[in-house]
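This report refers to the structure that appears directly beneath it.
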Amino acid sequence: MVSEFCEIDDGCQRAILVVVAHADDLTLFLGGTIARWADAGWRVVALRVTDDRWDSVGLTEAETISRNANELQEAAAVLGITELIDLGYHTDVLGDASEVELRERIIRHVRRVKPFALVTFDPYSMYREDNQDHKLVAAATDESFWTSQFDLHHPEHFADGLSPHGCFERWYFGRRVIDVTDIVDVSDVLDRKIRAALCHTTMLTNIAHQLQLQAKAGGWRLPIVDEALQSGDLRPVVEVLVRGRSRGQGAGALFVEEFRVVRFGGLQRLLDEHGIRDRV
C-alpha cells in the first residue's frame, strides 16, 4: 500500500470524533495531528472509554480517577480539543465488557456529533498490541461506523432527536500501523505534543515506574528514569519517548504520525467517477 504525506484541509468547524481507551492515548498516539486539526479549524471531539482508575503509582483509586480526569482536561486544552466525553468504564478490564453495549454508546455519540471523520485504534494492525482495552475499543468503534447509519440499529436514539449518520473518513492509528496510507508532518507542533503529554503527570509517572521495574528485573538501570522519578521532572523521559516515537525514517527526517485512512468506505473510485462535489 502506498503512503504519502497528508495535507490538513480547512475544517470549517466540521467535526472529528476520536475514540480512545485511555486519557494519554490522545496525546501519545496522535497529539500532533489533533493539534494540526484544531489549528486548521476542525472541531475535535474526544471520547475516552475508561476512567483510568488504576493508572497511577502511590495513589488511591479515587485520587487516580480525579487526577487523570483533570490532567486530561489540561492536555485537551493544549491540543485544542473542543469537547471531552467520558464513558466511565473501569480501565484494564474491558475484555470483560460487552462489545455490543460499548458500540451502542459510541453510536449514540457518532449520531450526536455527526463527524466528518471517525478516528480510533486500527483493529487490523494489532501487531505488538498487548492492551485488551485498545482492542475492544478498536472493534466496537469500527463497527459503529457501519451501524450508526442503519435506522434499525438503536431506534431509541431517534426519540432524543438523533438520526442516522455516515462518516466520510475513518482514520486508524496504533503502536505500529501496518498498511500506512497517510503520514502527517507534526514537526511544527511537536513541542506542543510534548507539553500536552507532560500534563499527564499521574499516568507518565506510572509508565516511568514500570520502566524502572522492568529494567531492574533484567539487571539494568535507566538513570534518566531513576532521576525523573526522584526529582519529579518527567520532561527528559517524555521528550525521549515522544521524539523517538514520532521520528520519521532517513537522514534529516521529519517528526511524523502515521495512519491508515479509509475514505468513503473504501469506494473512493466510485465517488471520483460518478460523484458531484457540492462543497470545495
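Would you mind pulling out the separation of the Cα centroids of the stretch 62-128 and the stretch 165-215, in Å?
14
Which of 149, 230, 210 ends up with the largest GNM mean-square fluctuation for the chain, with Cα atoms connected below 10 Å?
Among 149, 230, 210, the largest mean-square fluctuation in the Gaussian network model of the chain belongs to 230.
Just 109, 153, 134 to compare: in a GNM of the chain, with alpha carbon springs under 10 Å, which one fluctuates most?
Of 109, 153, 134, the Gaussian network model singles out 153 as fluctuating most.
From Cα coordinates alone, what are the radius of gyration and Dmax values for the stretch 46-119 in angstrom?
13.7, 41
When the distances between all Cα atoms of the stretch 100-147 are binned every 5 Å from zero, what whole-number percent does each bin get?
So the P(r) values, bin by bin, are 5, 22, 31, 22, 13, 6, 1.
Enter the angle in degrees (range 0 to 90, nearest 10) between the Cα long axis of helix 201-217 and the first principal axis of the Cα atoms of the chain, meaning the one along which they spread out most.
60
For a quick check: sort 27, 33 by the number of other beta carbons within 10 angstrom, fewest at the front.
Values: 27 31, 33 28.
Going from least to most buried by this count: 33, 27.
Can you pull the three principal axis extents for the Cα set of the chain, in Å, largest first?
The Cα atoms of the chain stretch 61, 46, 31 Å along the principal axes, largest first.
Angle check, please: helix 235-246 long axis (alpha carbons) against the longest principal axis of the chain (alpha carbons), in degrees 0 to 90, nearest 10.
For helix 235-246, the angle is close to 40 degrees.
Between beta-carbons, use under 10 Å as the cut-off and find the net charge around residue 144, counting Lys and Arg +1, Asp and Glu -1.
Values: positive: 103, 105, 108, 111; negative: 104, 142, 143.
Around residue 144, the surrounding residues sum to +1.
By count of other Cβ within 10 Å, fewest leading, how are 113, 238, 19, 137 ordered? Kindly include the intermediate steps, with their values, before the conclusion.
Numbers: 113 20, 238 23, 19 26, 137 30.
By the 10 Å Cβ count, ascending: 113, 238, 19, 137.
Could you give the dipole magnitude of the chain about its Cα centre, charging the beta-carbon of Lys and Arg +1 and that of Asp and Glu -1, in debye to the nearest 20?
On the way: 31 positive and 45 negative charges, 73 e Å.
In debye, rounded to 20, the chain gives about 360.
Using DSSP to define loop residues, name the trypsin sites (Lys or Arg not before Pro) in the stretch 76-137 whose beta-carbon has at most 13 other beta-carbon atoms within 10 Å.
Working: sites: 103, 105, 108, 111, 112, 128, 135; in loops: 128.
Listed in order of number, the matching sites are 128.
Rounded to the nearest 20 Debye, what is the dipole magnitude of the stretch 116-218 about its Cα centre when Lys and Arg each give +1 and Asp and Glu each give -1 at the C-beta? Please list the in-between numbers first.
Numbers: 9 positive and 15 negative charges, 137 e Å.
In total the dipole reaches around 660 debye.
Mind checking the angle between helix 61-79 and the chain's longest principal axis? C-alpha axes, 0 to 90 degrees, to the nearest 10.
For 61-79 against the chain, the angle is about 60 degrees.
I need to check one value: relative contact order of the chain, counting alpha carbon pairs closer than 8 Å and at least 6 residues apart, in percent. Mind showing how you got there, number by number?
Numbers: 485 pairs, mean separation 65.6, N = 280.
Value for the chain: 23 percent.
Since every read-out is calculated from the coordinates, none of them should be taken as a lab result. Since we're looking at a predicted model, the values are computed, not measured. Positions of Cβ are backbone-derived with ideal geometry, glycine not excepted, and every protein chain shown enters the neighbour counts.
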